[in-house]
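Here is the structure we will look at, set down as structure tokens.
The values are calculated or read from the model by the stated rules, or taken from the named source; none is laboratory data. Model, not experiment: these values are computed from the prediction. When we count neighbours, we look across all protein chains shown, and the Cβ atoms used for this are built from the backbone with ideal geometry, even at glycine. Areas reflect the complete protein model, heavy atoms only, side chains present, ligands, DNA and RNA absent. Shrake-Rupley method; radii C 1.70, N 1.55, O 1.52, S 1.80 Å.
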Amino acid sequence: MRAPSQDKPSRHSLRGKITLGYYAVAAIILVASLFFVGELRTLEARVVLGQRATDLFNTALEIRRFERNYFLHHQAVDLEENGRYIQLAQALLADNQTDFAAIATQARLTELRTRLNDYQRQMSAYATSDRRQLEAAETHVRQLGQEVVAIAEEMAGAERRQIQTTLASFRMLLLGVILSMALLIVMIGRALSQRVVRPLKEMEASVAAISANHRDTLSAPSNDREILSIIAAFNHMLKELDLRQKSLMRSERLASLGTMLSGVAHELNNPLSNISTSCQILQEEVGESDAATQKLYLGQIDQQTERARTIVRSLLDFSRERAFRKEAVLLKPLVAQTVGFVRGEVSAKSVVRLAIPEDLSVSADAQRLQQVFVNLIRNAMEGLDTQGRIDISAQIVQAGEPPAGTALGEGCESKGEMVEIRVADNGPGIAPELLPRIFDPFFTTKDVGHGMGLGLFVAYEIVDEHGGCIAVQSVPGQGATFCIRLPREGGLGQPPSDAHDAQGGH
Ligand code: ADP
């Protein structure tokens, strides 16, 4: 599929949608403006026509004014002005025939024209009439003049009313168009914001879900180019982060493997020396001992070989890279074995006491869980002196509240039954100001070459991966207690009332 061009805003891009929204609003404004320009032109024409009608009415009044003057003073100049205004009125009527048709009927216009012509004739007749006819002619002229003024006034009034009506409807129209424009713009804005904001909101929610570990990739909430490229970049970044995290875990596991290797060497010593002793006895007694004794020693050799094989197998199990797999894991043997392995590396001067029910199981990935124990037990052992003591206990708890102290992990809010494992030492403890930082990657107080600062970070990651919780409490000088909560698995019992020394502390 070809990627849409960068410059052309396609419909499937946020830019395209916003541009479309702008165009739509601009088009609405343009259409409304054109409409109003048209309406304004009509109104303008009405005002011009109104001006003509007023001119006609004023001309009629002027005709009458000079008529009155002439009747009073009989001066030729008044008659001349009267005649000039009559011609003006006739010209106005002739020039605006079609326009005036909008404010008066044709019959009324013809009547005005006729009256005006009659008036003109009567005025000329009056000027040449003898004294006896003067009065009758004057009355006739006045009457015609009144009729002309009345019709002109009627036309001016009609035009005024029409302008008022046009103005009123224009106002309503303006209001209507403004309201519908506002409505349309709001609708476009809403549609736009829905199309632009919704995918962003969905992305925000997916990012939150990713940071809460509920999912591991972002899915595209829309087909917009920008969103797709953000999603692709984000998913790429997540993949890279995942790879880096895996490689971090791997290097931490290698470090733990180093710890365990010396423990394994130490652990192997016992069966090997037992085998060697049995072999020596057998060699010395060749031909002397009876079959039963030989069988006994051979049985011991076989037993010790099996023990050595188990030790090597668990180391191999730990070192093998494999996918996360939850299963029912019996806690006590796993912890006991880990203690044995770790003890070999750290100077073995401490007493380790286990108080874990024989049949207590957790639902976990054994290999990863062992790494958590390696890290916690190693940390505890490293700080201990000759009086050192480590108590590892486990029991089922009714979770509800997170464990006391600095707690981390998805399962800290879990309710119901969980298995709580505590690793407590009476070592130097941790300063309160360091407590919030000890789970950070690369945080260490140890000398260069002695600690990578990844042990607790990896322990937290693993516990969190199991949907569990890890917490720490410490009083400087009196030791530290790490508490892990993990989902429980069937086959449960209560911890024994008296703790026993599982590894026979040294
Ligand atoms: P590292 O052991 O490589 O330093 P960790 O992440 O395992 O890295 O531990 C971080 C820091 O937490 C340690 O350097 C130490 O200061 C402190 N810490 C962890 N466990 C204990 C403990 N049981 N007693 C005292 N300090 C501890």
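For region 309-337, which residues satisfy the criterion of being of a type outside the set (D, E, K, R) and at pLDDT 90 or above?
Selection gives ALA328, VAL329, LEU330, LEU331, PRO333, LEU334, VAL335, ALA336.
Out of the residues in region 466-486 that are in contact (Cβ under 8 Å) with a residue 60 or more places away in the chain, closer than 30 Å to ARG325 by Cβ and open to solvent by 10 Å² or more (accessible area, probe 1.4 Å), state the one that is nearest to the ligand (Cβ to nearest atom).
Among them, the one singled out is PHE482.
Is region 280-303 home to any residue that is of a type in the set (Ser, Thr, Tyr) and touching a Leu at 6+ places or on another chain (Cβ under 7 Å)?
First pass over region 280-303, keeping only residues of a type in the set (Ser, Thr, Tyr): 289, 293, 297.
Next, only the ones that are touching a Leu at 6+ places or on another chain (Cβ under 7 Å) stay: 297.
Within region 280-303 (the criterion being of a type in the set (Ser, Thr, Tyr) and touching a Leu at 6+ places or on another chain (Cβ under 7 Å)), the answer is yes, since at least one residue qualifies.
Is it true that VAL372 is within 16 Å of the ligand (Cβ to nearest atom), of a type outside the set (S, T, N, Q) and in contact with a Lys or Arg (Cβ under 6 Å, 6 or more places away or on another chain)?
Numbers: within 16 Å of the ligand (Cβ to nearest atom): yes; of a type outside the set (S, T, N, Q): yes; in contact with a Lys or Arg (Cβ under 6 Å, 6 or more places away or on another chain): no.
No: the conditions fail for VAL372.
Could you go through region 54-66 and let me know if any residue there is among the polar types (S, T, N, Q), modelled with pLDDT of 90 or more and either assigned to a loop (DSSP other than H, G, I, E, B) or out of contact with any helix residue (DSSP H, G or I) (no Cβ under 9 Å at 6 or more places or on another chain) (or both).
Our first condition is that a residue be among the polar types (S, T, N, Q); within region 54-66, this holds for 54, 58-59.
Subset that is modelled with pLDDT of 90 or more: 54, 58-59.
Add one more test, that the residue is either assigned to a loop (DSSP other than H, G, I, E, B) or out of contact with any helix residue (DSSP H, G or I) (no Cβ under 9 Å at 6 or more places or on another chain) (or both), and what stays is none.
Within region 54-66 (the criterion being among the polar types (S, T, N, Q), modelled with pLDDT of 90 or more and either assigned to a loop (DSSP other than H, G, I, E, B) or out of contact with any helix residue (DSSP H, G or I) (no Cβ under 9 Å at 6 or more places or on another chain) (or both)), the answer is no, since none of the residues qualifies.
Go through (1) of a type in the set (Val, Ile, Thr); (2) modelled with pLDDT of 90 or more; (3) surrounded by 13 or more Cβ atoms within 10 Å (Cβ to Cβ) one by one and return the number of the condition THR139 breaks.
(3)
Can you find a residue in region 338-346 that is surrounded by fewer than 17 Cβ atoms within 10 Å (Cβ to Cβ) and of a type outside the set (Val, Ile, Thr)? Walk me through how you get there before you give the answer.
Narrowing region 338-346 to residues surrounded by fewer than 17 Cβ atoms within 10 Å (Cβ to Cβ): none.
Checked region 338-346: no residue is surrounded by fewer than 17 Cβ atoms within 10 Å (Cβ to Cβ) and of a type outside the set (Val, Ile, Thr).
Checking SER206 against (1) closer than 30 Å to GLU465 by Cβ; (2) touching a Lys or Arg at 6+ places or on another chain (Cβ under 8 Å); (3) in contact (Cβ under 8 Å) with a residue 40 or more places away in the chain: exactly one of these is not met. Which one?
(3)
Looking at (1) more than 7 Å from the ligand (Cβ to nearest atom); (2) within 27 Å of ASP385 (Cβ to Cβ); (3) open to solvent by less than 30 Å² (accessible area, probe 1.4 Å); (4) among the β-branched types (Val, Ile, Thr), can you tell me which one VAL448 breaks?
Here VAL448 meets the rest and fails (3).
Residues are listed down the side, and each one gets a yes or a no for (1) of a type outside the set (D, E, K, R); (2) free of Cβ contacts under 8 Å to residues at least 60 places away in the same chain; (3) open to solvent by less than 50 Å² (accessible area, probe 1.4 Å); (4) closer than 30 Å to ALA220 by Cβ:
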position: ALA152; (1), (2), (3), (4): yes, no, yes, no
position: GLU159; (1), (2), (3), (4): no, no, yes, no
position: ARG171; (1), (2), (3), (4): no, yes, no, no
position: MET181; (1), (2), (3), (4): yes, no, yes, no
position: ALA191; (1), (2), (3), (4): yes, no, yes, yes
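Anything in region 362-374 that is crowded, with 21+ Cβ neighbours inside 10 Å and of a type in the set (S, T, N, Q)? List them, or say none. Working first, answer last.
First, pick out the residues of region 362-374 that are crowded, with 21+ Cβ neighbours inside 10 Å: 362, 364, 368-374.
Once the filter is applied, which keeps residues that are crowded, with 21+ Cβ neighbours inside 10 Å and of a type in the set (S, T, N, Q), region 362-374 yields GLN370, GLN371.
Residues of region 96-122 being open to solvent by less than 20 Å² (accessible area, probe 1.4 Å) and assigned to a helix (DSSP H, G or I), which ones?
Listed by number, the residues that qualify are PHE100, LEU109, LEU112, LEU116, TYR119.
Considering (1) within 8 Å of the ligand (Cβ to nearest atom); (2) open to solvent by 60 Å² or more (accessible area, probe 1.4 Å); (3) of a type outside the set (Val, Ile, Thr); (4) under 23 Å from LYS332 (Cα atoms), say which one ARG422 fails and leave the rest.
Unmet condition: (1).
Is it the case, given these coordinates, that ILE301 is open to solvent by less than 40 Å² (accessible area, probe 1.4 Å) and of a type in the set (Val, Ile, Thr)?
Values: open to solvent by less than 40 Å² (accessible area, probe 1.4 Å): yes; of a type in the set (Val, Ile, Thr): yes.
Considered against the rule, which asks whether it is open to solvent by less than 40 Å² (accessible area, probe 1.4 Å) and of a type in the set (Val, Ile, Thr), ILE301 comes out as yes.
Could you count how many residues in region 380-392 are of a type outside the set (D, E, K, R), within 15 Å of the ligand (Cβ to nearest atom) and open to solvent by 30 Å² or more (accessible area, probe 1.4 Å)?
Final tally of qualifying residues: 2.
Since GLU433 meets every condition but one in (1) of a type in the set (Asp, Glu); (2) surrounded by 13 or more Cβ atoms within 10 Å (Cβ to Cβ); (3) at pLDDT 90 or above, which condition does it not meet?
(2)
Residue-by-condition table, conditions (1) in contact with a Ser or Thr (Cβ under 9 Å, 6 or more places away or on another chain); (2) over 15 Å from ALA150 (Cα atoms); (3) surrounded by fewer than 20 Cβ atoms within 10 Å (Cβ to Cβ):
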| position | (1), (2), (3) |
| --- | --- |
| ARG64 | no, no, yes |
| TYR70 | no, yes, no |
| GLN75 | no, yes, yes |
| ALA94 | no, yes, yes |
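Taking region 425-438 as the region of interest, how many residues are assigned to a loop (DSSP other than H, G, I, E, B) and either over 26 Å from ALA355 (Cα atoms) or near the ligand (Cβ under 9 Å from one of its atoms) (or both)? Steps first, answer last, please.
We begin by selecting, within region 425-438, every residue assigned to a loop (DSSP other than H, G, I, E, B); these are 426-434, 438.
Among the residues that remain, those that are also either over 26 Å from ALA355 (Cα atoms) or near the ligand (Cβ under 9 Å from one of its atoms) (or both) are: 427-434, 438.
The number of residues fulfilling the criteria is 9.
Quick check on my filter: what residues within region 451-461 are more than 7 Å from the ligand (Cβ to nearest atom), at pLDDT 90 or above and among the aliphatic types (A, V, I, L, M)?
Initially, region 451-461 is screened for residues more than 7 Å from the ligand (Cβ to nearest atom), giving 458-461.
Next cut, at pLDDT 90 or above only: 459-460.
Within region 451-461, ALA459 is the sole residue that qualifies.
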